[in-house]
Amino acid sequence: MADGGSGQSDVFDVRKVRRLVELMNEHELAEVDLRQGDQRIRLRRGQEPVVALAPPPAHAAPAPAPATSAPAEGDASAEDPNATYITSPMVGTFYTSPSPDAAPLINVGDQVGPETVVCIIEAMKVFNEIPAERSGSIATVLVGNGDSVEFGQKLFLLK
């Protein structure tokens with residue numbers, strides 16, 4: 001049964017993905033991120049298994065550069081020792097609500113706890129709910145709705 005004759009090895013073959021999951025379990029890995037050419041596969045353990053498949057960003061940098069993507073931070077938060085950030089656990093598109101006509105999940109001033117879902121990040125049509133993973137009050141939203149985000153990018157400033 002031919003797959004359309006593309007001639008390329010399918011990196012997203014179910015057997016290969018299952019083998020990666022087996023290796024993750026065997027070696028107690030929390031995350032696997034593989035790239036070959038313009039193809040990428042990322043597997044991450046969480047409350048539920050999350051499989052996010054995405055092409056690499058067009059402007060891939062060797063390390064995350066959150067300072068360049070958060071111009072509205074302000075001087076007080078840059079050096080505040082009490083400042084805590086919620087960062088992106090993946091590459092994708094940032095959304096403040098589960099659908100375009102829904103209210104935002106959180107607003108500036110809201111109290112959040114470790115389990116509070118603060119945003120949605122879409123990676124290849126998989127919508128991932130992102131928990132705060134810490135407690136505090138939302139002081140600033142550092143990313144706009146619909147913006148692309150990088151792994152480790154600061155999304156929210158907590159006080």
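Before moving on, here are some points about what is shown:
Yes or no, residue by residue, for (1) at pLDDT below 75; (2) in the same structural domain as M124 (by TED's automatic domain parsing); (3) in a helix (DSSP H, G or I):
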position	(1), (2), (3)
L20	no, no, yes
N25	no, no, yes
L29	no, no, no
G46	yes, no, no
P62	yes, no, no
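Conditions tested, residue by residue: (1) of a type outside the set (A, V, I, L, M); (2) surrounded by fewer than 16 Cβ atoms within 10 Å (Cβ to Cβ).
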| position | (1), (2) |
| --- | --- |
| P100 | yes, yes |
| A103 | no, yes |
| N107 | yes, yes |
| T116 | yes, no |
| C119 | yes, no |
| K125 | yes, yes |
| A132 | no, no |
| L142 | no, no |
| G146 | yes, yes |
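- Within region 33-45, residues that are within 18 Å of R18 (Cβ to Cβ) reach partners that are aromatic (F, W, Y) with beta carbons closer than 7 Å, at six or more positions or on different chains, in the pairs I41/F12.
The values are calculated or read from the model by the stated rules, or taken from the named source; none is laboratory data. In this text the structure is predicted, and so the values were computed from the model without any measurement. All Cβ positions, glycine included, derive from the backbone under ideal geometry; neighbour counts span all protein chains shown.
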